[in-house]
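Below is one structure; the comments refer to it alone.
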Amino acid sequence: MIQTLHKLWRNHGGLHLDYHKEDSNAAPVRHLPMAEELIIPLQQHSGYKPTLTVKAGDYVYKGQEIASHTGFMKVPLHASTSGTITAIEERPIAHPSGLSDLCIILKPDGKDDWDNARMLAYPNPSQVDGEILRQRICAAGIVGMGGAVFPAAIKLNVHDNIPIETLVINGAECEPYITCDDRLMREKPVEILRGVQIMMHIIATQRCLIGIEDNKPEAIAAMQAAREELGDQRIEIIPIPTLYPSGSEKQLIKILTGKEVPSGGRPATIGIVCHNPATARAIYRAVVLGEPLIDRYLTITGKGVAQPCNVEVPLGTPIQHLIAHSGGYTPAAKRLAMGGPMMGISLHTDQIPVVKATNCILVSDIPESEQQPALPCIRCGRCAEACPANLLPQQLYWHSRARDFDKAEQYHLFDCIECGCCAYVCPSHIRLVDYYRFAKAEIRTQRDAKTKANIARERHDFHQERLERAKREKAEKLAKHKAQAQTTTDDGKKAAIQAALERAKAKKAEAAAQTTTGETTE
């Protein structure tokens, strides 16, 4: 075991698993031939879909924006190579239900031509304003590449009232079989650390902790050597004990800093920002080289594939192409999944493409249909002992199953990281995480419906108020006109009466004058 002088803290629960890292991490990363067709789903991040900027028949250069990010929580997409957009249509995507979604279909021309699509490079990013660099990260389409795919630029959008004290880089890669970050840290450590320095400049922090599980000694040594090469003592490379799921964001922060992210809160609320090594490298390439996120490292592994390995491939590459260039399927192949055995999702076809979130393609020899049937819960408490978030999975299960979502939230449902530890140790083989995911989805759906209903009600109330206001204004206007007309009529009458009085008075005066004149004559 690798020793560290940095103090470490323990989390509750966790599991020691069979990791199978050696199946794929021995050989350097491979670069495969370009696929005949790239399938680029429009939705590849947590947030709203970007807006298409191309149409079928358009020729695009490598790195050219093909979907824009105008608007909140939108991330742009870029062409992974040069070629022609042959279609924009629905294709199968990575989803447990086998859903299809809108995809951009790109036929490569074999030239891999950038033309002028590269962005302006900043070879000395420390001399550039942090906000300009953050906007570059946004324009480059960079998301969290550890699986969450949250827009990286938003994570780096710090506020003056909450200063960021520590940048944490999550190199734990705790899930079994996955080794792409391991190979990346061995092969591109300087690029990763240059990306780390850029992020530290943006968030104005002087401390970075890089946590790597101690079953990756070569990666730890490579990162330490790169740190010495750069001479940056603000960065610490910290080996941590191998225990699943130490690579979960909240768990790693607790291990490295002793701080706990509050329930329902974000790391930024306690002065911490957490990113993945692949994200750091993508930031370096976007800022220093002017290259958007158009490819990634990923692991192809499992007993169902002939040659487990790590590859660097363009986004949009079909999984079928990856398997074909990894020796093909073996007779043992029974289940195809994206991600690891604990948190990955089953795939219904290998026509699904590589996306920004794809860190592993696992071809397992255990079919999903052979999973043990669920039995009644025996209240053994093993799930609570294993839970790294220190929750009560049994209670969450009962309330989620009963659709008592208020109770489930009271038991901190949304603090569940869906790591699968509870289901792994359950002697009744209950698929607990499926219940939690269902409950979360239902709650979000209800909240969305309530929000939409509130918006509709507010619009209706505003419309009614506008009608009432218009009605009042019309009545007031009519009353004013009527009053003005009445005033005009009354004034006319008064004037006529006054004129008549004046005439009568004049006639009376004239008659009196005539009478006086006659008397004087006599």
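Candidates Pro41, Pro50: the one that is under 21 Å from Cys360 (Cβ atoms) and touching a strand residue (DSSP E or B) at 6+ places or on another chain (Cβ under 9 Å) is Pro41. Among helices (runs of 4 or more DSSP H) entirely within the stretch 126-237, having at least 3 residues that are within 24 Å of Ile255 (Cα to Cα) and β-branched (Val, Ile, Thr) singles out 189-203.
Taken together, Ile240, Ile270, Ile319 contain a single residue that is of a type in the set (A, V, I, L, M, F, W, C) and in contact (Cβ under 8 Å) with a residue 60 or more places away in the chain, which is Ile240. Residue-level check: of (1) in contact with a Leu (Cβ under 9 Å, 6 or more places away or on another chain); (2) farther than 25 Å from Lys259 by Cβ; (3) without any contact (Cβ under 8 Å) to a residue 60 or more places away in the chain, Ala374 misses just (1). Every listed requirement among (1) among the hydroxyl-bearing types (Ser, Thr, Tyr); (2) under 21 Å from Ser246 (Cβ atoms); (3) out of contact with any Cys (no Cβ under 8 Å at 6 or more places or on another chain) is met by Ser126 save one, (2). In this entry, Ala79 passes the filter for residues that are of a type in the set (Gly, Ala, Ser), in contact with a Gly (Cβ under 7 Å, 6 or more places away or on another chain) and farther than 30 Å from Pro245 by Cβ. Just one of (1) modelled with pLDDT of 95 or more; (2) surrounded by fewer than 22 Cβ atoms within 10 Å (Cβ to Cβ) fails for Ile162. It is (1).
Whether any residue in the stretch 21-36 is more than 30 Å from Thr242 (Cβ to Cβ), within 26 Å of the chain's Cα centre (by Cα) and crowded, with 18+ Cβ neighbours inside 10 Å is what I want to check. No, every residue in the stretch 21-36 fails to be more than 30 Å from Thr242 (Cβ to Cβ), within 26 Å of the chain's Cα centre (by Cα) and crowded, with 18+ Cβ neighbours inside 10 Å. Picking from residues in the stretch 46-62 that are hydrophobic (A, V, I, L, M, F, W, C) and part of a loop (DSSP other than H, G, I, E, B), the one that is farthest from the chain's Cα centre (by Cα) is Ala56.
Residues satisfying the criterion are present in the stretch 46-55 (criterion: over 16 Å from Ala140 (Cα atoms), of a type in the set (Lys, Arg) and free of Cβ contacts under 8 Å to residues at least 40 places away in the same chain).
Restricting Ala441, Ala402, Ala453, Ala449 to those that are closer than 29 Å to Gly302 by Cβ and either basic (Lys, Arg) or out of contact with any strand residue (DSSP E or B) (no Cβ under 9 Å at 6 or more places or on another chain) (or both) reduces the list to Ala441.
Within the stretch 213-224, residues that are under 17 Å from Ala26 (Cβ atoms) sit with their Cβ atoms under 8 Å from residues that are among the aromatic types (Phe, Trp, Tyr) and modelled with pLDDT of 95 or more, at 6+ positions apart or across chains, in these pairs: Asn215/Tyr19. Selection of the stretch 274-293 for residues being buried (at least 24 other Cβ atoms within 10 Å of the Cβ) and among the β-branched types (Val, Ile, Thr) yields Thr279, Ile283, Val287.
The values are calculated or read from the model by the stated rules, or taken from the named source; none is laboratory data. For clarity, every value in this text was computed on a predicted model and none was experimentally measured. Every residue, glycine as well, gets a Cβ built from its backbone with ideal geometry; the counts of neighbours run over all protein chains shown.
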